[in-house]
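Since every read-out is calculated from the coordinates, none of them should be taken as a lab result. Bear in mind that the values here come from a model prediction, so they are computed numbers and not experimental data. As a convention, Cβ positions derive from the backbone with ideal geometry for all residues, glycine included, and neighbour counts pool all protein chains shown.
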Amino acid sequence: MARPFSTLLIWLVVAISLALPSTFLLTLDNLGRVAPDLTRGAQLSVMLRSKADLAAARLVEQRVGAWPEVSQVSLIPREQALMEFAEQTGLSSVLMSLENNPLPHTLLVEPAPDLNKTAATALVGRLAQLSEVERVIQDTRWMARLQEALLAGWRWVTAIGSAMVLGAVLALITTMHLVIDARREEIEVVSVMGGSAAFIRRPFLYTGVYFGAGGGVLASLCVWLFSAWLAQPVDALLALYDMASPLRGPGAFYSACLLAIGVCLGWLAALIALRRYLRSLEI
Amino acid sequence: MIEFDRVSRRFGDIHALRYLSLTIDQGEMAFLTGHSGAGKSTLLRLLLLLDRPSGGDIRVCGESTAKIGTGSVPQYRRRFGVVFQDHRLLFDRSVHDNVALPLAMAGYAPRESQRRVRAALDKVGLLALERANPASLSGGELQRVGIARAVVAKPEFLIADEPTGNLDPALSSEIMSLFEAFNQVGVTVLVATHDLPLISRLRHRILTLSAGSLAGQESG
């Protein structure tokens, strides 16, 4: 292209407009991938009545384990629970001085993964009705919050992203108008000599694609740099939560998508910019 | 054959052409003259379908141009070679590439295109400047490159709008003899010009426009 500086500028405009929303998308994508790892938290803690002994607890464990809406049950005997509690709190001497173990036998019930909200609530009810069960503790509220937050996040990104992509298209159209204006003489001459609309369009469509593709490449470079820069602290953060890092960078598919989107936007902008000129030439 | 049949073109209250009827025969060479604003440019624009008449009909080889739709206009225009007063060459490419433009849009293969471009440049005597940039050429040379570009695809009609407007008399007469040479090999030539002293020496029909109507015609 004849004007490298303005080419670079339009590349940057397209790159920024594509990179920002796709960075958000990548973030949400990664958050969504972390979330299922946290379903451990969705499990139910079922406290049995203190009069129920270990044998009774084992029976309940077997019964509940056979339910279709339950994927896994594990029993934590009250002695084990007391030991763990003592270990974690450092109150072992205090606890040892107690006459009776105040903790009940506890079942950790993990619902089947495809269970929806209503079914999960029904499961809680069903567990609570068992005669041996004292209390069912359910910690699903934060899961629901995370899900809503993710949904809100997606919509937010979609709205911001659409606005930014629209901005990129408008900038591309303006630039294409300038490019076309600079070659107006050529278009007129070619049109008088009988150049078809396709013949006149072709070089400008290539220019549009060149602008868009360059923007797409720069955008994926930006996203890639950003995620590489972010990877180390995020990995460290997740390690603090005892989670293996599922963080995923943009990858080949993401970059290919950005390139394809850039190409499409450039092509579209060139077509829109050309329409006005071709109409005025009656072809 | 080009026929204008009671053709009018109005721009608001202004009649650029008023019931104009004229005929240019196949293989003829004719001059179109008249004062500025007499309707010469409007006539050429209508003929090339750069504009459409307000009334009347223009027929080329017996076929009405009114029936030519937008999609077929480019193909129709390729039957004409056009020479402009200001040559309208593109300065971002060589003489060769300028002349090759009509062949590129008609889809010629590079080898055939090269051969035809060289033949056309040879006819106007500029083969040596094939690789030059138009910016380095004189006014007369530029106009000859423009003519080479107009004839390279072997059009049926050669249309020229004030082709000698910017040239001195010697160069003008040189350009006119080029047009005559193409006419002699069967191309129908229509030249719009102010240059009465020049064309009165040549033996071709002169059509004079005045206020959008045909004021007179002298056969050469």
What dipole magnitude, in Debye to the nearest 20, does region A:25-140 give about its Cα centre under +1 on Lys/Arg Cβ and -1 on Asp/Glu Cβ? 300 debye
Computed over chain B: relative contact order in percent, which uses C-alpha pairs under 8 Å that are six or more apart: 30 percent
In the protein assembly as shown, if the dipole is taken from +1 on Lys/Arg beta carbons and -1 on Asp/Glu beta carbons about the Cα centre, which of A:Gln147, A:Val209, B:Gly62 is farthest to the positive end? B:Gly62
Suppose every Lys and Arg Cβ carries +1 and every Asp and Glu Cβ carries -1, with no other charges. What dipole size does chain B come out with about its Cα centre, to the nearest 20 debye? 520 debye
For n ≥ 4 DSSP H runs only, could you compute -39500 (n - 2.57) per run for chain B, divide by its residues and tell me the 222 nm figure to the nearest 500? -10000 deg cm²/dmol
Summing -39500 (n - 2.57) over every DSSP H run of at least 4 residues in chain A and dividing by its residue count gives a helix-only mean residue ellipticity at 222 nm, to the nearest 500 deg cm²/dmol, of -25000 deg cm²/dmol
Lysines within cross-link reach of B:Lys154: Cα-Cα under 30 Å, excluding same-chain residues under 8 positions apart? B:Lys40, B:Lys67, B:Lys123
For region B:67-220, with +1 on Lys and Arg beta carbons and -1 on Asp and Glu, the positive-most of B:Asn133, B:Leu171, B:Ser210 along the dipole: B:Asn133
Between region B:100-171 and region B:42-82, what is the separation of their alpha carbon centroids in Å? 23 Å
Specify the angular offset, from 0 to 90 degrees and rounded to the nearest 10, of the alpha carbon long axis of helix A:251-280 from the longest principal axis of the alpha carbons in chain A. 30 degrees
Quick note, region B:93-195: a/c under 1.5 would make it rounded; otherwise a/b > b/c is prolate and the rest oblate (a ≥ b ≥ c, C-alpha gyration tensor); here it is oblate
Roughly how many Å is it from the Cα centre of region A:49-127 to that of region A:214-265, as a whole number? 41 Å
Angle between the Cα long axis of helix A:4-37 and the longest principal axis of chain A, 0 to 90 degrees, nearest 10? 20 degrees
Write down the percent of antiparallel bridges among all DSSP beta bridges whose residues are both part of the protein assembly as shown, to the nearest 5. 65 percent
Contact order relative to length of chain A, as percent, for alpha carbon pairs under 8 angstrom and 6 or more apart: 29 percent
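Where a ≥ b ≥ c are the square roots of the eigenvalues of the C-alpha gyration tensor, would you call region A:50-131 rounded, which needs a/c under 1.5, or, failing that, prolate if a/b is larger than b/c, or oblate?
prolate
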Just A:Glu99, A:Glu87, A:Glu132 to compare: in a GNM of chain A, with alpha carbon springs under 10 Å, which one fluctuates most? A:Glu99
Using the crude model of +1 on Lys and Arg Cβ and -1 on Asp and Glu Cβ, and no other charge, please compute the dipole size for the protein assembly as shown relative to its Cα centre, in debye to 20. 1220 debye
Helix axis angle, B:95-106 relative to chain B longest principal axis, alpha carbon, degrees: 60 degrees
